[in-house]
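*Asks:* Right, I'll just put the structure down here and ask away after.
The values are calculated or read from the model by the stated rules, or taken from the named source; none is laboratory data. Note that the structure is predicted; figures quoted are calculated from it, not measured. Here the Cβ is made from the backbone with ideal geometry for all residues, glycine too, and neighbour counts use every protein chain on show.
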2 protein chains.
Amino acid sequence: MSTLTFEEAQQFRVGPNFQIEDVDPAATPGVNDVDTAFHAFDQELDSLQECLYANGRAGNEKAGSVLLVLQGMDTSGKGGIIRHVIGETMDLQGVHVHAFGRPTEEEAAHDFLWRITPHLPQPGQVSVFDRSHYEDVLVQRVRQMAPPEEIERRYGAIVDFENELAANGTKIIKVMPHISRAAQEKNLRKRIERPEKHWKYNPGDIDDRRLWSEFMAAYQIAMTRTSTDNAPWYCIPSDNKTYCRTVVKTLLVDAFRSLNLDWPAGDFDKDVELERLANS
Amino acid sequence: MSTLTFEEAQQFRVGPNFQIEDVDPAATPGVNDVDTAFHAFDQELDSLQECLYANGRAGNEKAGSVLLVLQGMDTSGKGGIIRHVIGETMDLQGVHVHAFGRPTEEEAAHDFLWRITPHLPQPGQVSVFDRSHYEDVLVQRVRQMAPPEEIERRYGAIVDFENELAANGTKIIKVMPHISRAAQEKNLRKRIERPEKHWKYNPGDIDDRRLWSEFMAAYQIAMTRTSTDNAPWYCIPSDNKTYCRTVVKTLLVDAFRSLNLDWPAGDFDKDVELERLANS
């Protein structure tokens, strides 16, 4: 119970019968010592990501890449995943993090996937999206910022887009850190009360909070429509943030392993180089 | 002796009388428990960098920024500084790391500072350079890749360039992790012998190693010519990598502190928002 297995992490995968209200945001199944479990895979993840990066640097076009999409309500723990799962374990040189905010005028003038493309991972790289192209079927649906038929079109466009990425060797993991309304209230209160957290607070957060059930319905639809073998969604309990991070780390290790990479062969003769070194 | 003070870190600053051969790469002055010292400032650095990032996000044009330049011989520990000092403590969303390799044809066709500019930090951001514009006065000098009068011109151009950055609010710290020739031999041997390190090895590394004293002379000149109040150089013993990282972390904390930032004020009325939250 101090390690979460790959199988246990898969219980959060969004399948055809997924119902968001079946996921208890406060649950921590499979783990009783979450602080230990969180670090169980550190060495392996470190090494796997370095190996991916090494393959990219060595020019292996088939190295593959990893894309982690984070999409959740305010204070659900997206930033903490980036900081603690990605930052503490991976080599920054192989990682690209991008936060997608409100589209700029130029971005809004293009198809919704246009602004995503420049941030996709190259071979050997990991990209992490803090919010993503799913904004265009979540907040845009809830706030009716696009006509229903356009929203409808986007689900299919996303599936096609992600299938194409997968065909080009990108392992895609999509995560909704799922917090309860009660936990969000506590988190927002901290942001309002503590000066060092003010910058994270926006009065609009309360407006979104008032539309909680509409957002949950939009997540339900978006995740069931776009959770595929190539790009599965995971709806992960996040009231206990370390638990959520542990699941994400486990999913990442599994994804990296499935790339099946070896260390790139050196482009040199070992004995010759040892001799040259000895004589240098 | 389990914390390195700001004053102790300053002993490595390159001043007008600096002689590179006076720096013992194996020394670890001021610290006897280096693993403890390395973590002494973690909480503060985390908080200071978040505060800088928060100011940037809040649109504070005077937030300032930080630029860490890393320039050293092969295996001197540049990558480890990025991984352990930057990655483990800072929020990736506020950090930009760029490795400068051999210039592309397009880059080589421009002035040597042209390729640097896009990677400079914006207000609120930290940029880390793994190698830098100093390549153009180090390897280019040693290997005579540019005429002497052009190399000569570059020292002045760099000082002007960095003064301009500083005038725009960028705190600049330039670090040469200084390893001994003997320590490099051990490190290179590992890279040749261990399959998981092959990707870091290039036979050209031995060619550079054979020019060790020429490189040291080039570092000596470059650092003394360009170490200014606005952009000081630090030549830091790096045979003990954790010691070197501890000094770099200490210098960073000092730099962040000198930005004198407060948490950005919230753009909202606290009581109103607490009321709205309670009613949401």
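*Asks:* Can you tell me which of (1) out of contact with any His (no Cβ under 6 Å at 6 or more places or on another chain); (2) buried (at least 17 other Cβ atoms within 10 Å of the Cβ); (3) at pLDDT 95 or above is the one B:Ser127 doesn't meet?
*Replies:* (1)
*Asks:* Can I ask one more? So which residues in segment B:225-280 are farther than 28 Å from B:His133 by Cβ and of a type in the set (Lys, Arg)?
*Replies:* Residues satisfying the conditions are B:Lys270, B:Arg276.
*Asks:* Of everything in segment A:188-197 that's without any contact (Cβ under 8 Å) to a residue 24 or more places away in the chain and not acidic (Asp, Glu), which residue is nearest to A:Ser132 (Cα to Cα)?
*Replies:* Taking the candidates together, the pick is A:Lys197.
*Asks:* Hey, among B:Thr117, B:Thr104, which residue is surrounded by fewer than 17 Cβ atoms within 10 Å (Cβ to Cβ) and at pLDDT 95 or above?
*Replies:* The conditions single out B:Thr117.
*Asks:* OK, next. For segment B:7-46, what are the residues that are hydroxyl-bearing (Ser, Thr, Tyr) and either farther than 30 Å from B:Asp91 by Cα or surrounded by 14 or more Cβ atoms within 10 Å (Cβ to Cβ) (or both)?
*Replies:* B:Thr28
*Asks:* Restricting the search to segment B:178-201, which residues are surrounded by fewer than 19 Cβ atoms within 10 Å (Cβ to Cβ) and among the hydroxyl-bearing types (Ser, Thr, Tyr)?
*Replies:* The answer is B:Ser180, and nothing else.
*Asks:* So which residues in segment A:47-62 are more than 10 Å from chain B (Cβ to nearest Cβ) and either buried (at least 23 other Cβ atoms within 10 Å of the Cβ) or touching a strand residue (DSSP E or B) at 6+ places or on another chain (Cβ under 6 Å) (or both)?
*Replies:* A:Gln49, A:Leu52
*Asks:* Quick one: what pairs do we get from segment B:47-71, first residue closer than 19 Å to A:Ile82 by Cβ, second assigned to a helix (DSSP H, G or I) and modelled with pLDDT of 95 or more, C-beta under 6 Å, 6+ apart or different chains?
*Replies:* That search, which allows pairs on different chains as well, returns B:Leu48/B:Phe256.
*Asks:* Shifting gears a bit: Could you figure out which of (1) within 14 Å of chain B (Cβ to nearest Cβ); (2) within 15 Å of A:Val126 (Cα to Cα); (3) touching a residue at least 60 places away in the same chain (Cβ under 8 Å) isn't true of A:Asp74?
*Replies:* Tallying (1) within 14 Å of chain B (Cβ to nearest Cβ); (2) within 15 Å of A:Val126 (Cα to Cα); (3) touching a residue at least 60 places away in the same chain (Cβ under 8 Å), A:Asp74 fails exactly one: (2).
*Asks:* Test B:Arg141 against the stated conditions and say whether it is of a type in the set (D, E, K, R) and closer than 23 Å to B:Lys241 by Cβ.
*Replies:* no
*Asks:* On to the next question. Residues being more than 17 Å from B:Val253 (Cα to Cα) and not in a loop (DSSP other than H, G, I, E, B): count how many of those fall in segment B:7-33.
*Replies:* Qualifying residue count, segment B:7-33: 3.
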